[in-house]
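Structure, as C-alpha cells:
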Amino acid sequence: MTVVSSSQVDINWMHQAIELAQRGAKAGEVPVGAIVVYQGDVIGRGFNQPISSHNPVAHAEMMALIEAAQHLNNYRLVDCDLYVTLEPCTMCAGAIIHSRINRLVYGAYEPKAGAAGSVTDVFSQPQMNHIVEVTGGVLAEECGQLLSDFFKARRQAKKLLRQQQKEQ
C-alpha cells in the first residue's frame, strides 16, 4: 500500500465516488461508492447493493468493474483506474487484479477486512500475475465519516426499535 499526498485529480474523482456512496446510504446500503476512469472519463459506477439485490458480491467495486467492462466490451480494464471510498475486501481485491486495473485509489482504511494493507495485502503478493498501483487514504476522513454516520444512525434506529418493543 502506498500512501502519498493526494493530487487534485484524485480528490475530484474521489468526490464522485463519495456521491455514489451517499446514494447507497439513502438506499439503506453501507455507503461505499466506486468509479472506474479510462482516459479521463468515468466508464463505470457503483455503490454497495448486496442488501437490496440479495447478492453477496454486489459491492461498489464489483458493480463499477462490471459496468466498465461492458462499456469497453472487454473483461480486461487495461489503463483504467478505480476510485473507491473504502479499502477493498479480499473478494474485490481479487477482481481488481484479475480485471487488470492499472491503479486503485481508495479513501477510508478498513481495519476489519481491508485487503490493501490494513488486515492483509492481496496486492503485494508476488504470485499475482498483475501489479496494481495502490494509493490509500485519499479523503479518508470524509469517506470514513460517511461510514461512521451511517452505522451510528443504524445503531440509534435499532435502539429506538428495542425501546418501542419494550413499551408494548
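Candidates are the residues of the range 86-129 that are part of a strand (DSSP E or B) and closer than 21 Å to V37 by Cβ; the one that is farthest from the chain's Cα centre (by Cα) is R103.
Listed here are the residues, each with its yes/no results for (1) in a helix (DSSP H, G or I); (2) touching a strand residue (DSSP E or B) at 6+ places or on another chain (Cβ under 9 Å); (3) closer than 13 Å to S99 by Cβ; (4) hydroxyl-bearing (S, T, Y).
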{"residue": "R23", "(1), (2), (3), (4)": "yes, yes, no, no"}
{"residue": "G28", "(1), (2), (3), (4)": "no, no, no, no"}
{"residue": "V36", "(1), (2), (3), (4)": "no, yes, yes, no"}
{"residue": "I43", "(1), (2), (3), (4)": "no, yes, yes, no"}
{"residue": "V57", "(1), (2), (3), (4)": "no, no, no, no"}
{"residue": "M62", "(1), (2), (3), (4)": "yes, yes, yes, no"}
{"residue": "E67", "(1), (2), (3), (4)": "yes, yes, yes, no"}
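Given the conditions (1) of a type in the set (G, A, S); (2) touching a helix residue (DSSP H, G or I) at 6+ places or on another chain (Cβ under 8 Å); (3) open to solvent by less than 30 Å² (accessible area, probe 1.4 Å), and given that G114 satisfies all but one, which numbered condition is not satisfied? Tallying (1) of a type in the set (G, A, S); (2) touching a helix residue (DSSP H, G or I) at 6+ places or on another chain (Cβ under 8 Å); (3) open to solvent by less than 30 Å² (accessible area, probe 1.4 Å), G114 fails exactly one: (2). Residues that are within 10 Å of the chain's Cα centre (by Cα), open to solvent by less than 20 Å² (accessible area, probe 1.4 Å) and free of Cβ contacts under 8 Å to residues at least 40 places away in the same chain within the range 52-67 comprise E61, A64, listed in sequence order. When the test is whether a residue is in contact with a helix residue (DSSP H, G or I) (Cβ under 9 Å, 6 or more places away or on another chain), within 24 Å of R155 (Cβ to Cβ) and of a type in the set (A, V, I, L, M), A17 does not pass it. Taking the range 73-107 as the range and being open to solvent by 30 Å² or more (accessible area, probe 1.4 Å) and touching a Cys at 6+ places or on another chain (Cβ under 9 Å) as the test, the residues that pass are R100, N102, R103. Is it the case that G144 is touching a Ser or Thr at 6+ places or on another chain (Cβ under 8 Å), surrounded by 16 or more Cβ atoms within 10 Å (Cβ to Cβ) and at pLDDT 95 or above? Judged against the criteria, G144 is not a match. Between Q70, Q39, Q49, Q22, the distinction of being among the polar types (S, T, N, Q), in contact with a Phe, Trp or Tyr (Cβ under 9 Å, 6 or more places away or on another chain) and open to solvent by 10 Å² or more (accessible area, probe 1.4 Å) belongs to Q22 only.
The values are calculated or read from the model by the stated rules, or taken from the named source; none is laboratory data. Everything numeric in this text was worked out from a predicted model, so none of it was measured. Neighbour counts are summed over all protein chains in view; Cβ atoms, including those assigned to glycine, are modelled from backbone coordinates with ideal geometry. For accessibility, only protein heavy atoms count, side chains too; no ligands or nucleic acids. Shrake-Rupley method; radii C 1.70, N 1.55, O 1.52, S 1.80 Å.
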